[in-house]
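Below you'll find the structure, written out as structure tokens, and then a few comments.
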Amino acid sequence: MRLSTKSRFAIQSMIDLALRERSGPVALAQIAALQGVSLSYLEQLFSRLRRAGLVDSTRGPGGGYTLGRRAADITAADISAAVEDDAGDPDGGRMSLTRDLWADLDEVLMRHLATVSLQQMAADQKAQGRAPEAPAPRRSLSLVPTPRPVRTSAPNSVFAFGQSFAARG
């Protein structure tokens, strides 16, 4: 297993999602804009996260993504495993001398990532003052009609008022 940029972006995106989800489903466009990542790239990552049961999606207006489980029940290892390609032996046996070393390192890394929950990572971000700003409020339907401003053709100044009399005469 390799910890690539896929894992890094997925973990950061999940932290953003955990921090924002109280206001409802979070649109990927919001996360993409915050992280400076293309929307199509995040869509690919979130497709894998959804298949792994880590996020749920809601379609339609006001839709977006929410956590599929409680943040305390999702670990960095879960997120990484969901988005990484397990290519088996990427070097085709050429690096057999160090294969055991890398396998051991991967095991140690995954054990450590399994001890770090999404809830902990989100709390760390809040503590460091990196919590995202509240998203712009979504437009909702109003049951009370909004009054429209009154439009008039009356002159808007004393001079225009005088000119309106001059034009008549």
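The values are calculated or read from the model by the stated rules, or taken from the named source; none is laboratory data. None of these values were measured; they are calculated from a predicted model. Positions of Cβ are backbone-derived with ideal geometry, glycine not excepted, and every protein chain shown enters the neighbour counts. The protein model used for the area step is the full one, side chains on, heavy atoms only, and it has no ligands, DNA or RNA in it. Shrake-Rupley method; radii C 1.70, N 1.55, O 1.52, S 1.80 Å.
Structure notes:
- Residue, surrounded by the fewest Cβ atoms within 10 Å (Cβ to Cβ), within the range 30-43, restricted to residues that are hydrophobic (A, V, I, L, M, F, W, C) and either closer than 22 Å to E84 by Cα or touching a Cys at 6+ places or on another chain (Cβ under 8 Å) (or both): L39
- Filter result (over 24 Å from A127 (Cβ atoms), of a type in the set (S, T, N, Q), open to solvent by 60 Å² or more (accessible area, probe 1.4 Å) and touching a residue at least 60 places away in the same chain (Cβ under 8 Å)) within the range 1-24: none
- Within the range 25-43, the set of residues being within 20 Å of Q125 (Cα to Cα) and assigned to a helix (DSSP H, G or I) comprises L28, Q30, I31, A32, A33, L34, Q35.
- Unmet criterion (only one of (1) assigned to a helix (DSSP H, G or I); (2) of a type outside the set (G, A, S); (3) exposed (fewer than 15 other Cβ atoms within 10 Å of the Cβ)) for F46: (3)
Listed here are the residues, each with its yes/no results for (1) modelled with pLDDT under 85; (2) surrounded by 13 or more Cβ atoms within 10 Å (Cβ to Cβ); (3) part of a loop (DSSP other than H, G, I, E, B).
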| position | (1), (2), (3) |
| --- | --- |
| S96 | yes, no, yes |
| A103 | yes, no, no |
| R111 | no, no, no |
| Q120 | no, yes, no |
